[in-house]
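Here the structure is laid out as structure tokens; the discussion comes afterwards.
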Amino acid sequence: MSQFVSEAPKPTGERAVAAVAALVVAAGQGLRAGQPVPKQFALWRGKPVVRHSVEALAAAGCSPILVVIPQGADAIAREALAGIAGVQFTAGGATRQASVRLGLEVLVGAAPDSVLIHDAARPLLPAEVVARLIEALERHRGAIPVLPVVDSLAHAEHGDIMGAPARREDLRRVQTPQAFRFEDILAAHREWDGAAAAGDDAQVAQAWGMEIAFVEGDEILHKLTYAADFAPSQPLVRVGTGYDVHALEESEELWLCGVRIAHTHGLSGHSDADVAIHALVDAMLGAVGAGDIGQHFPPSDPQWKGAASDRFLAHAGKLVAEAGYGLGNADVTIICEAPKIGPHREAMRARLAQVLDVDIAAISVKATTTEKLGFTGRREGIAAQAAVSLIRL
């Protein structure tokens with residue numbers, strides 16, 4: 001592999017001058033992440049990890065963007081970053097410092113005024129952080145994004161014994177990208193003796209004598225490290241809807257929302273035909289992608305003959321909890337001409353809240369008519385619809 005491979009046309013004539021270049025360190029193996037390829041090339045939220053930050057740097061106007069990759073990773077790197085103009089590659093070294101040094105030497109030809117050095121394993125890169133770093137370089141030779149330490153800290157003695165407390169007020173969590181005036185960070189790396197490993201480029205720069213400024217970082221600049229970081233991301237909120245219909249018959253009992261109501265007709269079905277609970281169960285199952293009520297309690301199964309529908313609702317609540325969610329709220333609408341739902345509404349809310357083990361405030365039950373139109377208007381049946389929101393626990 002040649003040391004410098006560009007996806008963008010090479011400039012002709014006078015050498016192009018780039019104000020802000022970017023160097024993305026993607027030369028590691030990422031073994032702790034447990035992926036079949038180095039983690040920087042593994043898919044994360046629909047894209048290779050490295051592509052997220054490279055796209056962000058390109059959108060911020062950084063040019064050129066040099067990605068330092070493992071030896072022999074040309075093909076996978078090109079595929080991961082295909083279509084992003086101005087991206088260039090070079091092979092890294094045995095350590096992070098060696099990889100950065102090699103990258104900086106390649107960027108000498110572009111003569112940038114400054115450079116952002118970023119870890120590929122931090123895919124989410126807010127434009128605001130980049131802007132703060134670049135602005136800080138107008139007053140300082142180097143700047144890094146940091147966050148406060150919020151947990152109490154203590155020194156460790158003998159590995160597992162608590163020692164003296166550490167003042168968290170004096171400490172910061174350091175992130176990337178780290179910004180430097182190019183000639184300064186190049187000189188710092190060239191003079192680094194390598195006797196001790198540096199945690200990042202700011203430490204190399206500080207050892208060289210550079211003063212490093214802090215700018216505000218961002219929590220979403222989290223570094224992907226372990227297999228759990230690549231687990232499917234669960235949304236904070238999920239929603240589902242349900243709808244059901246049952247016919248009215250004289251010989252049946254009428255159950256709605258787990259409450260028996262005295263009426264001339266009841267609902268016909270394989271279970272107790274509680275149309276409101278059935279709609280609510282479908283909404284909850286749909287919200288966690290668990291199918292519908294018929295898949296879990298098929299009408300063809302005799303064990304559900306005449307079964308109380310609150311058993312179905314309890315099962316749906318169990319599946320929601322197993323998926324890592326709790327009920328945010330449930331909104332049930334009963335559609336009928338009769339009976340009147342108002343006198344029973346609070347009892348219905350209380351029963352649903354009891355079965356689902358939630359506060360009654362999370363449950364809404366209301367009713368409407370179809371103005372005597374359709375099968376509900378002719379009092380041939382009752383329909384119900386439900387909507388739920390689920391909150392990730």
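The values are calculated or read from the model by the stated rules, or taken from the named source; none is laboratory data. Please read these numbers as outputs of a predicted model, since none were measured by experiment. Cβ atoms come from the backbone with ideal geometry, glycine included; neighbour counts cover every protein chain shown. Side chains included, ligands, DNA and RNA excluded: accessible areas come from the protein's heavy atoms. Shrake-Rupley method; radii C 1.70, N 1.55, O 1.52, S 1.80 Å.
Computed quantities for the displayed model
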quantity	calculated
Top-ranked residue in segment 350-368 [being in contact (Cβ under 8 Å) with a residue 40 or more places away in the chain and open to solvent by less than 50 Å² (accessible area, probe 1.4 Å); ranked as nearest to V332 (Cα to Cα)]	V365
In segment 261-301, the residues that are assigned to a loop (DSSP other than H, G, I, E, B), in contact with an Asp or Glu (Cβ under 6 Å, 6 or more places away or on another chain) and under 15 Å from T241 (Cβ atoms)	D292
Pair list, Cβ under 8 Å, 6 or more apart: segment 202-227 residue within 25 Å of R101 (Cβ to Cβ) and among the acidic types (D, E), other residue assigned to a strand (DSSP E or B) and open to solvent by less than 50 Å² (accessible area, probe 1.4 Å)	E211/G142
Unmet requirement for T333, which otherwise passes all of (1) within 16 Å of I277 (Cα to Cα); (2) surrounded by 17 or more Cβ atoms within 10 Å (Cβ to Cβ); (3) in contact (Cβ under 8 Å) with a residue 60 or more places away in the chain; (4) not aromatic (F, W, Y)	(3)
Single residue of segment 126-151 satisfying the filter (touching a helix residue (DSSP H, G or I) at 6+ places or on another chain (Cβ under 6 Å) and modelled with pLDDT of 95 or more) that is surrounded by the fewest Cβ atoms within 10 Å (Cβ to Cβ)	R141
Per-region count, segment 152-178, residues open to solvent by less than 50 Å² (accessible area, probe 1.4 Å) and either more than 34 Å from the chain's Cα centre (by Cα) or under 15 Å from E216 (Cβ atoms) (or both)	5
Given (1) farther than 21 Å from F180 by Cβ; (2) part of a strand (DSSP E or B), index of the condition V115 fails	(1)
All positions within segment 78-103 that are among the β-branched types (V, I, T) and part of a loop (DSSP other than H, G, I, E, B)	I84, T95
Failed item in (1) touching a residue at least 60 places away in the same chain (Cβ under 8 Å); (2) open to solvent by 40 Å² or more (accessible area, probe 1.4 Å); (3) in contact with a helix residue (DSSP H, G or I) (Cβ under 9 Å, 6 or more places away or on another chain), with V259 passing the rest	(2)
Pairs with Cβ under 6 Å, 6+ apart, first in segment 273-284 and touching a residue at least 60 places away in the same chain (Cβ under 8 Å) and more than 11 Å from L256 (Cβ to Cβ), second of a type in the set (G, A, S) and in a helix (DSSP H, G or I)	M284/A316
Segment 42-93, residues that are closer than 11 Å to V24 by Cβ and in contact with a His (Cβ under 8 Å, 6 or more places away or on another chain)	S53, L57
Meets criteria (outside any helix (DSSP H, G or I) and open to solvent by 50 Å² or more (accessible area, probe 1.4 Å)) for A75	no
Subset of segment 302-322 [open to solvent by 40 Å² or more (accessible area, probe 1.4 Å) and assigned to a loop (DSSP other than H, G, I, E, B)]	K305, G306, A308
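Yes/no per residue for (1) in contact with a Cys (Cβ under 8 Å, 6 or more places away or on another chain); (2) farther than 29 Å from F375 by Cα; (3) open to solvent by 80 Å² or more (accessible area, probe 1.4 Å):
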{"position": "L221", "(1), (2), (3)": "no, yes, no"}
{"position": "L224", "(1), (2), (3)": "no, yes, no"}
{"position": "V239", "(1), (2), (3)": "no, no, yes"}
{"position": "W255", "(1), (2), (3)": "no, no, no"}
{"position": "V281", "(1), (2), (3)": "no, no, no"}
